[in-house]
1. Please tell me the relative contact order of the range 2-124 in percent, rounded to the nearest whole number, where contacts are Cα pairs under 8 Å and at least six residues apart.
2. What is the sum of charges, Lys and Arg at +1 and Asp and Glu at -1, for the other residues whose Cβ falls under 10 Å from the Cβ of Pro43?
3. For Thr98, Thr106, what's the fewest-to-most ordering of other Cβ within 10 Å of each Cβ?
4. Please work out the C-alpha center-to-center distance from the range 1-52 to the range 66-126 and express it in whole Å.
5. Give the cross-link partners of Lys64 among the lysines, using a straight C-alpha distance below 24 Å as the criterion and excluding same-chain residues fewer than 8 apart.
6. Neighbour counts of other C-beta atoms within 10 Å: give me Asp97, Asp126, Asp25 arranged from fewest to most.
7. State log₁₀ I(q)/I(0) for the chain at q = 0.10, 0.12, 0.21 Å⁻¹ as given by the Debye formula over alpha-carbon point scatterers of equal weight, solvent excluded.
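Values quoted throughout were computed directly from the atomic coordinates according to the rules given, and no laboratory measurement underlies them. Keep in mind the model is a prediction, meaning the values are calculated, not measured. Positions of Cβ are backbone-derived with ideal geometry, glycine not excepted, and every protein chain shown enters the neighbour counts.
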Amino acid sequence: MKYLGSCHCGNVQFSVEAPEVMEADLCNCSVCKKSGYLHLIVPKSRFQMLSGQDKLSEYRFNSKIAKHYFCANCGIKPFYIPRSNPDGVDVNVNCLDTPIKQLNVTDFDGQNWEQHAHKLSHKSKD
């Protein structure tokens with residue numbers, strides 16, 4: 001199924017292909033907790049930037065591998081390139097505008113990322 005998503009102000013718009021019954025991860029790391037991020041990791045081939053590439057700012061921290069993108073106007077982080085899946089895109093489910101039929105959420109222990117990152121590595125594979 002194709003879902004449309006955006007930041008709060010609408011400057012950044014994207015689409016993502018994901019199942020009708022969606023599986024998402026709720027991470028307890030400091031950046032995810034503070035930003036209210038709900039993770040949907042997909043292969044890059046299932047993500048399409050529709051508009052606003054020039055409105056994005058990038059934030060990197062700690063290992064500087066993950067590329068966190070946020071709208072320079074409203075500050076919302078609709079997606080990023082995760083350290084666990086550099087060949088994929090991690091979409092913030094909270095930024096999807098298309099209604100989700102069913103959402104199953106699994107807790108992920110991001111506070112202890114090094115011990116649990118392997119649980120995510122399969123998510124960006126077709």
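1. 33 percent
2. +1
3. Ordered by Cβ neighbours within 10 Å, fewest first: Thr106, Thr98.
4. So the two Cα centres are separated by 7 Å.
5. Lys33, Lys34, Lys44, Lys55, Lys77, Lys119, Lys123, Lys125
6. Neighbour counts put them in this order, fewest first: Asp126, Asp97, Asp25.
7. For the chain, the Cα-only Debye profile gives -0.27, -0.40, -1.35.
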